[in-house]
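Input: one structure, supplied below.
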Amino acid sequence: MRYFYARVKKIYRGFYLLPVIIALSMHSIAQPIVAFESVINSTTAPGLLTNPIDIVNAGDNSNRLFIVQQGGVIKVYDQSMAYLGDFLTVTGITSGGEQGLLSMAFHPDYETNGYFFVYYNNAAGDIEVARYHTESGTPNVADPASKKILLTIPHLVQTNHNGGKLNFGNDGYLYFATGDGGGGGDVPNNAQRGDVLLGKMIRIAVSTAATALDYYDIPPDNPFAAVGDGVLDEIYSVGLRNPFRWSFDRLTHDMWIGDVGQGLREEIDFNTAGNTSGLNYGWHCKEGLLDYNGGCAITLGTYSSPKLDYTHDDATGGVAVIGGYVYRGTESPAMYGHYIFADESSGNVWLLPPGGAAADTIQSKNIRTQISSFGEAENGELYATCLNGQVYHVVASLAATLPVKLLDFTAISRTGYNELHWRTSAEIQFKQYEVEFSKDAVKFEQAGIVAAANSGNYEFIHNTSTQKLYYRLKMVDIDGKSVYSKTIIVAAAGARGKNFVTPSIVQNGSISVALDAAYTGLQIITMDGKIVYQASISNRTGRINIQLPSMRSGQYVVRLTGNGKQVAQKIIVQ
């Protein structure tokens, strides 16, 4: 049984509490709410879709969208999603299960040269990348006779784990991610071997040459392009299991990879733009952040842990991650800069805010199952394909602001329990706060419910012996609408935490600064570096209250200095 109690108060047991460890992390009340607006329905002829599995644009200023079907047919639509015709039928493929025509990508100079590339399983089940051409007089119909096979990757006897996404980088090179060859556990160790192209991110310099030997070359800065190292020159990074969908951020050019897990974790991997150090994402030594089957030594490349991972749990996770995109469109400003991804099985959808960590991820549960891919239009708008034949425009709006303002939210570790405090204002017809906790910042459970008290200071005691927990507040109004606070973390009693300032949103001209170490000076600085307030704090510890001078509304930085230390925190003055 979980024991707790909560009450509204300012003083606990007759004295103010001093924190052992507090991690404050405020979040705007308004959060993006994701929605999927149907733009192509599977029952609409003649643009009927069967197993759509990728959606791309040509980058030729035509604003067309091309939808790849697993069975081999690519259909083309205009910017209003009116069907323009069948662009190409790729023949000689094996389709079914995880095999088929899996992706396409247009040459960066497609508008002038007419070349594009496709990724599929050939008749033998092997992975193949081929080049096609479109004649200038027939922009909506490619030439099937122009097919040139760039390379074939043997896929042995298994039919799953084919990877399958093609993308051109900002550097003009063609990238594609392959699966580990299938089966379970990567028994042949393909993902960690340098002499096979399975379980890898591949990077090649394609050409428009007519001679087979010249269809592609090796970029000179590929990380394993050294002669005699035993690693194939085409390899850009290693250690992937089944990177079915991945993308580049069109603004920063960072790489985001959704790698489907084995039995416990799904993961999102990441590489900064231009990094050619040869990353190793860990499979099969690692599955997500966990050691797989006892773990193993990672010797090829540089290990890179996942940006985030999630559990095989339909309630908060799923079993088949579908990597998405960083949204750079204009129609949904609430989602701008967020990385969006989904799980094909559970229908859960996640948004990772710009610069956010795993704990900042915003989850929408059971939104849309059978998502097979995300894709961008030329203007940055985001679309999703579903295996049931649907295509959706992915949009987001800000959650309606609830009749409450959360001023601050902190957690304090005690022996045998954790103590949570939060302060609010502007509670109008507000119902309750639901306190949720998690061991991994992914799967949350409810610790208890605190009834609203029409503004005030709240305290909640969570009896637990767990050494490290994450907490968040689900704030609910009387109509049932709700939003979450940002997640905060509390560590074990006796650990040392960060200094912090409350409230982070200043309305009455005063702040309280909690000092867990001695400092000599305090400064308040504008975002352009101008000092507007400074004071000597004479090596004090504990909590001090400071009355601020008259200051314009906006963001400021509170900085503590002295004794060889320096810490800083943002505040907003209203």
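The values are calculated or read from the model by the stated rules, or taken from the named source; none is laboratory data. This one's a predicted model, so the numbers in the text were calculated from it and none came from an experiment. Glycine also receives a Cβ, built like all others from the backbone with ideal geometry; neighbour counts cover every protein chain displayed. Heavy atoms of the whole protein, side chains included, go into the accessibility calculation; ligands, DNA and RNA do not. Shrake-Rupley method; radii C 1.70, N 1.55, O 1.52, S 1.80 Å.
When only residues in region 444-468 that are without any contact (Cβ under 8 Å) to a residue 40 or more places away in the chain and not β-branched (Val, Ile, Thr) count, which is least open to solvent (accessible area, probe 1.4 Å)?
Applying the filter and picking the extreme gives SER455.
Give all pairs with beta carbons closer than 6 Å in which a residue from region 205-225 that is touching a residue at least 40 places away in the same chain (Cβ under 8 Å) and farther than 22 Å from PHE106 by Cβ meets a residue that is β-branched (Val, Ile, Thr) and open to solvent by less than 70 Å² (accessible area, probe 1.4 Å); count only pairs at least 6 apart in sequence or on separate chains.
Pairs found: ASP221/THR276; PRO223/THR276; PHE224/VAL231; PHE224/ILE235.
Next question, about the same structure. So LEU232 clears everything in (1) touching a residue at least 24 places away in the same chain (Cβ under 8 Å); (2) out of contact with any Leu (no Cβ under 7 Å at 6 or more places or on another chain); (3) not in a strand (DSSP E or B) except one condition, right? Which one?
Condition (2) is where LEU232 drops out.
With THR138, THR152, THR178, THR134 as the choices, which residue is touching a residue at least 60 places away in the same chain (Cβ under 8 Å) and among the β-branched types (Val, Ile, Thr)?
Among THR138, THR152, THR178, THR134, only THR178 is touching a residue at least 60 places away in the same chain (Cβ under 8 Å) and among the β-branched types (Val, Ile, Thr).
Shifting gears a bit: Out of all the residues in region 81-113, which are more than 14 Å from ASP60 (Cβ to Cβ), touching a residue at least 60 places away in the same chain (Cβ under 8 Å) and in contact with a Lys or Arg (Cβ under 9 Å, 6 or more places away or on another chain)?
If the condition is that a residue be more than 14 Å from ASP60 (Cβ to Cβ), touching a residue at least 60 places away in the same chain (Cβ under 8 Å) and in contact with a Lys or Arg (Cβ under 9 Å, 6 or more places away or on another chain), then LEU102, SER103 are the ones that fit.
Right, next: Condition check: of a type in the set (Asp, Glu) and over 29 Å from the mean Cα position of the chain (by Cα). Does ASP86 satisfy that?
yes
Moving on to the next point. Which number in (1) modelled with pLDDT of 95 or more; (2) open to solvent by 60 Å² or more (accessible area, probe 1.4 Å); (3) among the acidic types (Asp, Glu) marks the one condition that ASP254 misses?
Of (1) modelled with pLDDT of 95 or more; (2) open to solvent by 60 Å² or more (accessible area, probe 1.4 Å); (3) among the acidic types (Asp, Glu), only one is false for ASP254: (2).
Right, here's the next one. Assess whether PHE176 counts as being surrounded by fewer than 24 Cβ atoms within 10 Å (Cβ to Cβ), in contact with a strand residue (DSSP E or B) (Cβ under 7 Å, 6 or more places away or on another chain), at pLDDT 95 or above and farther than 16 Å from ILE74 by Cβ. Before you say what the answer is, go through the steps one by one.
Working: surrounded by fewer than 24 Cβ atoms within 10 Å (Cβ to Cβ): no; in contact with a strand residue (DSSP E or B) (Cβ under 7 Å, 6 or more places away or on another chain): yes; at pLDDT 95 or above: yes; farther than 16 Å from ILE74 by Cβ: yes.
So PHE176 fails the test.
Filter region 317-336 down to the residues that are open to solvent by less than 10 Å² (accessible area, probe 1.4 Å), under 15 Å from ILE362 (Cβ atoms) and not aliphatic (A, V, I, L, M) and list them by number.
Scanning region 317-336 gives GLY317, GLY324, TYR327, SER332.
Quick one: in region 357-384, of everything that is touching a Gly at 6+ places or on another chain (Cβ under 7 Å) and part of a strand (DSSP E or B), which residue is most open to solvent (accessible area, probe 1.4 Å)? Reasoning before the result, please.
First, the residues of region 357-384 that are touching a Gly at 6+ places or on another chain (Cβ under 7 Å): 366-369, 374, 378-383.
Narrowing the set further to residues that are part of a strand (DSSP E or B) leaves 374, 382-383.
Details: PHE374: 2, LEU382: 1, TYR383: 26 Å².
Filtering first and then ranking leaves TYR383.
Sticking with this structure for a sec: Take region 54-79 and flag every residue that is open to solvent by 10 Å² or more (accessible area, probe 1.4 Å) and over 21 Å from PRO108 (Cβ atoms).
GLN69, GLN70, GLY71, VAL73, LYS75, ASP78
Step by step: first the residues of region 268-286, then only those that are open to solvent by 10 Å² or more (accessible area, probe 1.4 Å) and not in a loop (DSSP other than H, G, I, E, B), then the one that is nearest to ASP440 (Cα to Cα). Which residue is that?
Residue satisfying both the conditions and the ranking: LYS286.
Right, next: Among the residues in region 515-524, are any in a strand (DSSP E or B), out of contact with any helix residue (DSSP H, G or I) (no Cβ under 8 Å at 6 or more places or on another chain) and open to solvent by 40 Å² or more (accessible area, probe 1.4 Å)? Full working, then the answer.
As a first pass, look at region 515-524 and keep what is in a strand (DSSP E or B): 515, 521-524.
Next cut, out of contact with any helix residue (DSSP H, G or I) (no Cβ under 8 Å at 6 or more places or on another chain) only: 515, 521-524.
When the remaining residues are screened for being open to solvent by 40 Å² or more (accessible area, probe 1.4 Å), the result is none.
Among the residues of region 515-524, not one is in a strand (DSSP E or B), out of contact with any helix residue (DSSP H, G or I) (no Cβ under 8 Å at 6 or more places or on another chain) and open to solvent by 40 Å² or more (accessible area, probe 1.4 Å), which makes the answer no.
Let me ask you something else. If you go through region 538-558 one residue at a time, how many are assigned to a loop (DSSP other than H, G, I, E, B) and modelled with pLDDT of 80 or more? Before you say what the answer is, go through the steps one by one.
Looking only at region 538-558, we keep the residues that are assigned to a loop (DSSP other than H, G, I, E, B), and these are 538-541, 548-553.
Now drop any that are not modelled with pLDDT of 80 or more, which leaves 548-553.
Residues in region 538-558 being assigned to a loop (DSSP other than H, G, I, E, B) and modelled with pLDDT of 80 or more: 6 in total.
Then there is this: Having 3 or more residues that are modelled with pLDDT of 85 or more and either of a type in the set (Val, Ile, Thr) or closer than 30 Å to ARG265 by Cβ (or both) is the bar; report the strands (runs of 3 or more DSSP E) wholly within region 398-500 that clear it.
On the way: elements: 405-414, 417-425, 430-438, 444-451, 456-463, 469-477, 482-484, 488-490.
Because the criterion is at least 3 residues that are modelled with pLDDT of 85 or more and either of a type in the set (Val, Ile, Thr) or closer than 30 Å to ARG265 by Cβ (or both), the strands (runs of 3 or more DSSP E) in region 398-500 that meet it are 405-414, 417-425, 430-438, 444-451, 456-463, 469-477.
Right, here's the next one. I'm told GLN547 meets every condition in (1) under 25 Å from LEU407 (Cα atoms); (2) in contact with a Ser or Thr (Cβ under 9 Å, 6 or more places away or on another chain); (3) surrounded by 11 or more Cβ atoms within 10 Å (Cβ to Cβ) except one. Can you identify the failing condition by its number?
(3)
Just checking, does region 183-206 include any residue being more than 29 Å from the chain's Cα centre (by Cα), outside any loop (DSSP other than H, G, I, E, B) and crowded, with 17+ Cβ neighbours inside 10 Å?
Taking every residue of region 183-206 in turn, at least one turns out to be more than 29 Å from the chain's Cα centre (by Cα), outside any loop (DSSP other than H, G, I, E, B) and crowded, with 17+ Cβ neighbours inside 10 Å.
Only residues that are buried (at least 17 other Cβ atoms within 10 Å of the Cβ) and modelled with pLDDT under 60: list them for region 20-48, please.
Matches in region 20-48: VAL20, ILE21, ILE22, ALA23, LEU24, SER25, MET26, HIS27, ILE29.
The rows are residues; the columns are (1) open to solvent by less than 20 Å² (accessible area, probe 1.4 Å); (2) of a type in the set (A, V, I, L, M, F, W, C).
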{"site": "TYR110", "(1), (2)": "yes, no"}
{"site": "GLY125", "(1), (2)": "yes, no"}
{"site": "LYS148", "(1), (2)": "no, no"}
{"site": "ILE153", "(1), (2)": "yes, yes"}
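Here is a list of conditions, (1) crowded, with 20+ Cβ neighbours inside 10 Å; (2) in a loop (DSSP other than H, G, I, E, B); (3) of a type outside the set (D, E, K, R), and SER247 meets all of them except one; can you say which number that is?
Tallying (1) crowded, with 20+ Cβ neighbours inside 10 Å; (2) in a loop (DSSP other than H, G, I, E, B); (3) of a type outside the set (D, E, K, R), SER247 fails exactly one: (2).
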